[in-house]
1. So what is the 222 nm mean residue ellipticity for the chain from helices alone, if each DSSP H run of at least 4 adds -39500 (n - 2.57) and you divide by all residues, rounding to the nearest 500 deg cm²/dmol?
2. If you wrap a convex hull around the C-alpha atoms of region 112-162 and split its volume per residue, what is the figure in Å³?
3. Relative to the longest principal axis of the C-alpha atoms of the chain, give the angle of the C-alpha long axis of helix 187-201, reported between 0 and 90° and rounded to the nearest 10°.
4. Give me the extension gain from ASP152 to ARG231: residue separation times 0.36 nm, minus the current Cα-Cα distance, reported in nm with one decimal.
5. Simple spin-label model, 7 Å along Cα-to-Cβ: THR208 to ALA28 in nm?
6. Classify region 136-199 as rounded, prolate or oblate, taking a ≥ b ≥ c as the square roots of the eigenvalues of its Cα gyration tensor: rounded when a/c is under 1.5, otherwise prolate if a/b is larger than b/c and oblate if not.
7. I'd like the trypsin sites (Lys or Arg not before Pro) in region 71-139 restricted to DSSP loop residues with at most 13 other Cβ atoms within 10 Å, sorted by number.
8. Please report the carbon-and-sulfur percent of the accessible area for the chain; probe 1.4 Å, protein heavy atoms only, DNA, RNA and ligands left out.
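The values are calculated or read from the model by the stated rules, or taken from the named source; none is laboratory data. Bear in mind that the values here come from a model prediction, so they are computed numbers and not experimental data. Here Cβ is always computed from backbone atoms with ideal geometry, including for glycine, and neighbour counts include all displayed protein chains. Note: accessible area is taken over every heavy atom of the protein model, side chains too, but ligands, DNA and RNA are not part of it. Shrake-Rupley method; radii C 1.70, N 1.55, O 1.52, S 1.80 Å.
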Amino acid sequence: MPELHSLPASGAFSPVDSPRLNLAALTAEELVLLLGEAAAQRLMPEVSQARLEGRALLGHSVPAEQLYEAQAERGWGATPEAARRLSALRSELVALGGVDLGVFYLPLLPEVRHQRAFVFAPDTALSLRWSESPESAQSALPFLVAATLMKDRASGTAAVLSSTAALPFVPTQSEEIDARLHQGAAPKALLEAHHTQVARHGRGVRLTNEADWLKVQNTVRRLNLAAWTRRGLLG
């Protein structure tokens, strides 16, 4: 699934303004991860023809801006099991020092539209992500995404991203983002691995509140959109 994070800088989002993913510019691996192996194989003749003709083959919409809608607290989870898992993860993250900023709904995402926001001192924005209406076994599993913006980009790294998701980020993250998968890792293990990776690049930008958390989402998204544009992935 496309990893699309951000908040509109200003004004309302118009779907008419949305670019779409150019499937002909994706790698074979990205196509399989995005569509599934069977669907990717069925589409491959059309993808190959588009590549030969030098034209785009448009797929998923990729909003230039993302909407984050704050949600009132309630009992979250599509099933009793999911509700218990979300509650347990929330409690564990708070016990680890996370500041719970509440739940946001992202209506422009194709799935996994809910996320609970946390900040961890000094520099980590974390999202607990899940779907209230899972469309597949993969999207039924909650996962974590931790992100830190780097103070000094001299190394060429602008941000560090760590996730416990079952599937890799698709499309591939910007070359300016050090993105690592720790599939199925517990919250403590994810945070430890994330902090180790951040330390390799220097120091992260300090975060304290919701505005800081949103700034991280915006920056990661801008980096990705710029990278995907350079690759010709957006049409």
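1. After summing the helix terms and dividing by the residues of the chain, the value is -11000 deg cm²/dmol.
2. Taking the convex hull of the Cα positions in region 112-162, it is 79 Å³ per residue.
3. Approximately 70 degrees, to the nearest ten.
4. Roughly 25.9 nm would be gained on extension.
5. Each label point is offset 7 Å from its Cα along the Cβ direction, giving 5.2 nm.
6. Oblate is the answer for region 136-199, as a/c is 1.5 or above yet b/c matches or exceeds a/b.
7. Of the trypsin sites (Lys or Arg not before Pro), the ones in loops of region 71-139 whose Cβ has at most 13 other Cβ atoms within 10 Å are ARG74.
8. 54 percent
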